[in-house]
Every structure is written in C-alpha cells, then in structure tokens.
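A.B. asks: The structure is given below, and queries will be raised subsequently.
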C-alpha cells in the first residue's frame, strides 16, 4: 500500500532530528575529587600506648595499601600528665613507658597534629578487666573458590566471661602476624561464651607456630567505630593492615577518622600442635 506524501515527510523529519541529536552527543569525563583524611588508630593499655597514623584511600585505589604519616605529633594525657609518642615505622608511634596514671573508669585524651591540623579524642577506661578462660587452636582443610584445597588452616575457639552491655574485641597473632578480620562481640547477657573464628588469612599453620590471643574490653565509641567498618563492607580488615575508606564514624574531631581506646585486656598464648 502506497504511503501518503505527508507520512514520508514526517519520517524524513524524524530521521533528520535523530541524526542531529546523535551528532551533538559528546562524552565528557568528569574527574572525581578525592579528599584524603587522616586516620588514627590509638590504644592505651596499662603497659604502653601506641598510635597508627595514616591517610584514607579512595575507592578507586585497588591496592588497599596503608599510606603512613611519618611526621605527626602524638600526645596522650590523663588531665594532669601528658606523654609523647615517638615514631618508629609504617605510621606507628609508641611509648612503652607511659607516665600517666592508669585507673579504671578514668578519662583519657589524645591529640594528634598532622600538617598543622590537630585532632583530639577522649576515652574512658572500662571499670574491669575481661577474662579469658581457655583458647584452643585446631587445624582443618578448606577449599578456595578456585577449588584449591588448603591444609592446616587454623580454627580458634576461645571461652571467655562476658558482662551484659559490654563490648569485646578479639585479636589474634600467629608468629607476630595479626589476623586481619575484625572480630567483635556485643554481650546482651552475663556469663561465659565460646567464640569460634577461622584464621584463613594467616595461611598454613605449621607445628610449633606461636599463637597469641588478646581479648579487649572496649569503650562504646571504639566499638561503634569498628562496627561501622563492618557495616560498610562485611569482613573488612583493619585499617592499619589494608588502609581505610572515608565513611566510617569517628571519635576524633576536626574531620579526623579512627578511634582512641583506653582498654583493659587479657591475653593467652598457645602453640600449634
């Protein structure tokens, strides 16, 4: 059937418009502006104080490497005395002989100055020590996503006492290398529990490998910071091991990220059979 002349005209006009619009399309690349932030991970115990100072990384950075800050000024105080932390390496600042008083329930503060900008945070020491009852390391075989069987992967089972509304952080080292996953426990009851975790990232554990287990009782704000990392990305590792993004909540002011925690701990050592 023959099409009317006006229909052909409409088709020609439509095709001409499509051609003109397509000719005007231009791809414009918009650079993403990334504002790196200072990340501070600082812990005060009865015997020492340390801080890891680094800079946050962008989502486009797939290396996930720590970007250490080497020229920070780090101070920790109890309201009367103040200790200075000295730089060692990889963004780590330490003081193995603090002079400040270490008392249950007391408030402490830290100030970290980087490039003329100062970040401050406070933390209250919990009123009691946590209590590790037992720790057992067993070995098992596991299969990776590539169907590769790995032998002698560690599985740790610890039993410890908990108190209602208390927060805990389990840290594990094998021959000095720290288990990277953040292991947290928020207790809703009082009693003893058994907590199990696999240590896949620590690799094959040979006989005689030294295992150190540390149970930390955390201030609420420190727990919330670490938990926020998990909320962003399940099983994300510690910032001091892989670097951190910019979204987690923070206990520091002035735009700094991270935590300052006055903590009580209990430790236990064992050897892989």
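What follows is calculated from the coordinates using simple rules that are stated; it is not laboratory data. Every value quoted in this text rests on a predicted model; they were computed, and no experiment measured them. No Cβ is skipped: glycine too gets one built from the backbone with ideal geometry, and neighbour counts run over all protein chains shown.
A.B. asks: At residue 109 and residue 206, where each label point lies 7 Å from the Cα along Cα→Cβ, what is the point-to-point distance in nanometres?
C.D. replies: 5.1
A.B. asks: Is the range 80-191 rounded, prolate or oblate when judged by the Cα gyration tensor, a ≥ b ≥ c being the square roots of its eigenvalues, rounded requiring a/c under 1.5 and prolate requiring a/b larger than b/c?
C.D. replies: Because a/c hits 1.5 or more and a/b fails to exceed b/c, the range 80-191 counts as oblate.
A.B. asks: Ok, one more. Please pull out the direction-averaged projected area of the range 95-144, using the convex hull of its alpha-carbon atoms, in nm² to one decimal place. Please report the intermediate quantities before stating the final value.
C.D. replies: On the way: hull surface 33.7 nm².
Dividing the Cα hull surface by four gives the mean projection, 8.4 nm².
A.B. asks: Let me ask something additional. Compute the convex hull volume of the Cα atoms of the range 38-124, divide it by the residue count, and report the result per residue in Å³ as a whole number.
C.D. replies: Residue-normalised Cα hull volume stands at 101 Å³.
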